[in-house]
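Asks: Input: one structure, supplied below.
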Amino acid sequence: MDIPVGNGESVETWEERGIASAEKSNFEEALSFFERAIDRKPSSRLHEYMAQCFMMIDGSEQRAVQAASAAVALDPNFAAGQLTLARASLNAGDFESAVAGFEAALALDESMKAEALEDLERASKLLAEKTARERDRELVMHGQALRICQGDGTEGEGTGSIVWECSVVLAMYLERHVTMRDTTVGTSDVTDEKSFANIDLSGCKTLELGSGTGVAGLAAAAVGAHVLLTDTEGVLPLLRQNMEINKDLLSCSHGCGDAEVQAFDWTDGVDVLHAILLSNHRKRRKRKADQEDGSTLDITSDLKDAMPQLVLAADLVFNTNLIKQLSAILHDLLSAGAVLLMAHKTRQGHVDAQMFQSLAEVGVELFEVPLKYHHPDFRSSRIRLFWGHKKEAALRGSFKVPTHVKPLDVPRTQEAEVWTCGSFKS
């Protein structure tokens, strides 16, 4: 743009002409004047003027940030520069820098409070929402989004605050193989009906051990199961949060599934587990509420009815420390007729060997799901899926191991990991 001024114009003249052009909304012209003034004598004020002009021009958000940053670099105590940088950052979607900028401006000049406080609150809200989204994970279960929020490192959450690959592999195996009412929903590569498990979870009493963020259990609930999610006390707030996030999905889930949350530590043993199962047994709770004569409830009969049909376990064994306790719990549950669906990641061969041996010692038979029957977009060569049961008890149970499994061979050695994450969104 040709600006009709002489070469001898002062910095003050360029600045005045820039301000006059900006007031007339001639922002491109104003920028030309401010650039000439900066060429003569850079100042934080001139860079801040340029930033304000860029903020008024569509598509110039980053240039506004650059100009405001230059203003602050020249004078970190320039409150107006900090305020403009905060607003430019907010427009550019850098909410963290925006919050820092607004706070810096207010610290330098409290008189800006009325002008900046509303913007600070907006930037803080957007930052919180962005942070939450970055912690969230999303799985699509038969066209419906299952949202899982990961933890923020709160004390007590431990490993339960993270979405682990095993839980995703197990969840998406169910997504591929669950039989829905009136249709079998699976992937489009159906060439052999025997390869699909046709699992029916409608109304299935399900217990998840070590639920963590709840991926596997909530996925089962989303396709019709009645799921009791369990983990240690420190994990429960996050687990309940994820159940609440997905309450609309569960309320309209296929097969009318639902979920409840309860604290359970394997080291507490089977007696504590039985008490938990009884306390969550719906028919018993109703009878207890209706009972007026104080007569004793039939604990044996109720416990038998409260036992789960399916037990879910995803990535429970990292080392050998709690294998015996886990085996004792599974022995009790599977002896009552339940079937186990377990996802396990191979990390150390001796840990796998001890786990398999411990389960075999209590009579649990494991059957492996060949990798080709995992979900094609959510699989890993180091993540293995197993079904398990106790043979004699399974004959009495209502839930059966699918036919596409194979008996467990000797534990494999570690392989190079090949992980495909499909449409797992963050």
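Asks: Given the protein chains as shown and a 1.4 Å probe, how many square angstrom of D268 are accessible, to the nearest 10?
Replies: 90 Å²
Asks: For region 41-50, take each phi angle, set θ = phi - 60°, evaluate the Karplus expression 6.51 cos²θ - 1.76 cosθ + 1.60, and give the result in whole Hz per residue in order, putting x for glycine and proline.
Replies: Those phi angles translate into 7, x, 8, 5, 5, 5, 5, 5, 4, 4 Hz.
Asks: In nm, to one decimal, how far is the S25 label point from the I299 one, both placed 7 Å along Cα→Cβ?
Replies: Inter-label distance under the simple model: 8.0 nm.
Asks: Sort V270, V223 by heavy-atom solvent-accessible area, probe 1.4 angstrom, most to least.
Replies: Working: V270 45, V223 5 Å².
Most to least solvent-accessible, the answer reads V270, V223.
Asks: Taking just the alpha carbons, could you work out the radius of gyration and Dmax for region 21-118, both in angstroms?
Replies: 12.8, 37
Asks: With every protein chain in place, what's the accessible area of W14 (1.4 Å probe, Å², nearest 10)?
Replies: Answer for W14: close to 10 Å² accessible.
Asks: Summarise the accessible area of region 18-177 (1.4 Å probe, protein heavy atoms) by the percent that is carbon and sulfur.
Replies: Details: 3700 of 7910 Å².
For region 18-177, the apolar C and S fraction of the accessible surface comes to 47 percent.
Asks: Leaving out ligands and nucleic acids, note down the accessible area per residue over region 5-151 with a 1.4 angstrom probe, in whole Å².
Replies: On the way: 7780 Å² over 147 residues.
So region 5-151 comes to 53 Å² accessible per residue, rounded to a whole number.
Asks: Another question, if that's okay. Shape call for region 221-265 from the C-alpha gyration tensor, a ≥ b ≥ c root eigenvalues: rounded (a/c under 1.5), prolate (a/b greater than b/c) or oblate? Spell out each step's value before the answer.
Replies: Numbers: a/c = 4.27, a/b = 1.83, b/c = 2.34.
Oblate shape, in that a/c is at least 1.5 and b/c is the bigger or equal ratio.
Asks: Continuing with the same structure: Ordering I245, I57 from largest to smallest accessible area (1.4 angstrom probe), what's the sequence?
Replies: Details: I245 55, I57 35 Å².
I get I245, I57, largest accessible area first.
Asks: Let me ask something else. Based on the Cβ-Cβ distance of V270 and K130, what FRET efficiency does E = 1/(1 + (r/R0)^6) give at R0 = 45 Å, to the nearest 0.05?
Replies: Details: r = 45 Å, r/R0 = 0.99.
E between V270 and K130, to the nearest 0.05, is 0.50.
The values are calculated or read from the model by the stated rules, or taken from the named source; none is laboratory data. As the structure is a computational prediction, the values presented were derived from the model and not from experiment. We place every Cβ from the backbone using ideal geometry, glycine too, and count neighbours over all the protein chains shown. Accessible surface is based on the protein model in full, side chains and every heavy atom, while ligands, DNA and RNA are left aside. Shrake-Rupley method; radii C 1.70, N 1.55, O 1.52, S 1.80 Å.
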